[in-house]
Amino acid sequence: MKWIDYARPQTVAEAVQLLTERGDGARAMAGGTDLIVQLRVGRRQPDHVVDVKHIPDLNEVNTSGGGVTLGAAVPCHIIYNNDAIKDAFPALVDSASIIGGTQIQGRASIGGNLCNAAPSADAIPTLIALGATANVSGSTGERSVAIEDFCTGPGQNVLGADELLTSISIPAQGANSGARYQRFIPRNEMDIAVVGVGASVTLNNGSFESVRVSLASVAPTPLFVTEINDELAGKDVTDENIAKAGEIAKDAAKPISDMRGTADYRRHLCDVMTRRVLSDAITRARGGNVDAH
Amino acid sequence: MPTKSYVQTNINGESVEFLAEPRQSLLEVLRDTLQLTGAKEGCNDGNCGACTVKMDGRIVCSCLVFGVEAEGADIETIEGMASPEGLHPLQTAFLENAALQCGICTPGFLMASKALLDHNPNPTEGQIRWWLANNLCRCTGYDKIVRAVMDAAQKMQA
Ligand SMILES: Cc1cc2nc3c(=O)[nH]c(=O)nc-3n(C[C@H](O)[C@H](O)[C@H](O)COP(=O)(O)OP(=O)(O)OC[C@H]3O[C@@H](n4cnc5c(N)ncnc54)[C@H](O)[C@@H]3O)c2cc1C
Ligand code: FES
Ligand code: FES
């Protein structure tokens, strides 16, 4: 690994100042589970690593008012051990409990998962399904970005060189809502999604009020399939309509073939996984329990 | 000329100081600077768990931590597991259940298993396998490791 300088700012202002001064030569680090690997293989070559996980604001979990605001550096293990999150946002627990294994989850943050912008990232489809936004601070002030607009390509996001992700806000999900994330991997754990699906539904008696579905590992960025809501909103919750959603997901996917699976296989998985994940989200919306893994 | 950073940390209950380049991993510092060679390097990218140490109450892959991040932290390594009175029950159980062959994965498995039992003294087989998924072993086929952890859990409860 080439020489780097290391800084440990204590406030957002200090971190933004460091990033602004160093420009493209600096990179923020939270848990380092992506960044340190990338530095070691030379995929990213900053001169300066700005360790943001000692900034108190970035470690806050605020669950007042039914939603949750997650500090950008909060690691996975805090998320799946938080009772309020387990209760209100089980889909976030689905994601946090399958990112790496126990050791990775001790450091890996949801903010880092988002900023790393991998097409296969396991937290991003969940955040999109839940309608979350990214809160960003930079040298010219603060802004918020919808998660579906955050990733711009593999490993690329909307952040300017001076900008820091400070938190992620997930709005309160109404009564009769439920969400789920699942990925397909050939092992039981510790693997990269061949296909991942995050979905949230809000039901109105026996019909869909709204449906948000997002797919991992089938496009250069996590894919938000808005056509599923267009088709299902107002329709009855039936196997036939769930099957339609699977078909739409399959058609929306733009997968590549690689060692994890061919494009055809991935399209097939989009159909199967979308149906499964929607069924689980519906079960949760109706108050039923679905285990994270 | 870049300079090394001064780091003050706590390892196995003792205050320790060292100098490190910011790019050096905690694993490199432990092994090459502090001669604590119990933590092993298997993959150097977070997959194998051979480098597992406890940092501020959580197990982590020390290959994915910078040494300079240890400033002010509390670190536990495999060197702190046995006491002057003898081996930790997990260490004894690994020996009695033949849960190791070449042994390179063993310090990591022991650190991870101890963290599991600290948090859940009576885990099911499924919970053990899930918790230990970040540790790889090329020799044993895992069954003996899982049985050793169950055995230790039982003995520690008795
Ligand atoms: C063995 C192993 C297994 C893994 N398994 C999975 C898996 O199953 N699923 C999965 O999705 N991922 C997996 N990962 C990838 C990684 O662990 C996750 O993406 C993790 O969530 C990254 O979080 P982090 O805090 O470690 O990020 P870091 O490595 O600290 O940062 C990641 C990127 O985001 C940027 N960044 C971080 N925080 C900020 C911020 N606040 N503002 C601006 N930019 C920021 C960094 O500059 C960097 O480019 C795995 C990694 C390893 C090593
Ligand atoms: S050497 Fe750290 S996980 Fe393999
Ligand atoms: S005993 Fe050889 S790798 Fe586990």
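Quick notes on this structure:
- Taking other residues whose beta carbon is less than 13 angstrom from the beta carbon of A:Val16, and scoring Lys, Arg as +1 and Asp, Glu as -1, yields -4.
- Peptide B:50-59 - average C-beta neighbours from other chains (10 Å radius): 3
- Interface residues, region A:62-91 - accessible area loss of 10 Å² or more versus chain alone, probe 1.4 Å: A:His77, A:Asn81
- Distant alpha-carbon pairs in region B:89-157 (separation over 20 angstrom), percent: 13 percent
- Whole-Å distance, taken between Cα centres, linking region A:270-293 and region A:176-215: 6 Å
- Cα centroid separation, region A:95-163 to region A:6-26 (Å): 19 Å
- Cα coordinate range in region A:177-285, projected on the principal axes (Å, largest first): 43, 26, 22
- With Cα atoms as the point set, region A:212-258 shows a radius of gyration and Dmax of 11.5, 38 Å.
- Taking the 1.4 Å solvent-accessible surface of region B:108-158 as the whole, the part contributed by carbon and sulfur is 50%.
- Nearest-ten-degree value, helix B:106-119 long axis tilted from longest Cα axis of chain B: 70 degrees
- Note on chain A: Cα-only Rg and Dmax are 18.7, 60 Å.
- Distance violations [Cα-Cα > 27 Å] among B:Lys54/B:Lys144; A:Lys86/B:Lys144; A:Lys2/B:Lys40: A:Lys86/B:Lys144
- Residues of region A:1-18 whose accessible area, computed with a 1.4 Å probe over protein heavy atoms, drops by at least 40 Å² once all protein chains are present relative to their chain alone are A:Met1, A:Trp3, A:Ile4, A:Tyr6, A:Arg8.
- Neighbour cut-off at most 15 other Cβ (10 Å), DSSP loop, GluC sites (Glu not before Pro), region A:11-110: A:Glu60
- Farthest positive-ward along region B:89-157 dipole, Cα basis, beta-carbon charges - from B:Phe109, B:Asn97, B:Pro123: B:Phe109
- Here region A:177-285 is treated with +1 on each Lys and Arg Cβ and -1 on each Asp and Glu Cβ, and its dipole about the Cα centre works out to around 320 debye.
- Estimated D of chain B in µm² per second, where Rh is the Kirkwood radius over Cα pairs and Stokes-Einstein applies at 20 °C, 1.002 mPa s: 134 µm²/s
- Chain B against chain A buries an accessible area of about 2700 Å², both chains summed, 1.4 Å probe radius.
- As a fraction of the 1.4 Å probe accessible area of chain A, surface on carbon and sulfur atoms comes out at 46 percent.
- The residues of the protein assembly as shown have, on average, 42 Å² of accessible surface per residue, using a 1.4 Å probe with all protein chains present.
- Solvent-accessible area lost in complex, 50 Å² minimum, residues of region B:128-147 relative to chain alone, 1.4 Å: B:Trp130, B:Ala133, B:Asn134
The values are calculated or read from the model by the stated rules, or taken from the named source; none is laboratory data. All of these numbers come straight from a predicted model, not from anything done at the bench. All Cβ positions, glycine included, derive from the backbone under ideal geometry; neighbour counts span all protein chains shown. Accessible surface areas use protein heavy atoms only, side chains included; no ligands, DNA or RNA. Shrake-Rupley method; radii C 1.70, N 1.55, O 1.52, S 1.80 Å.
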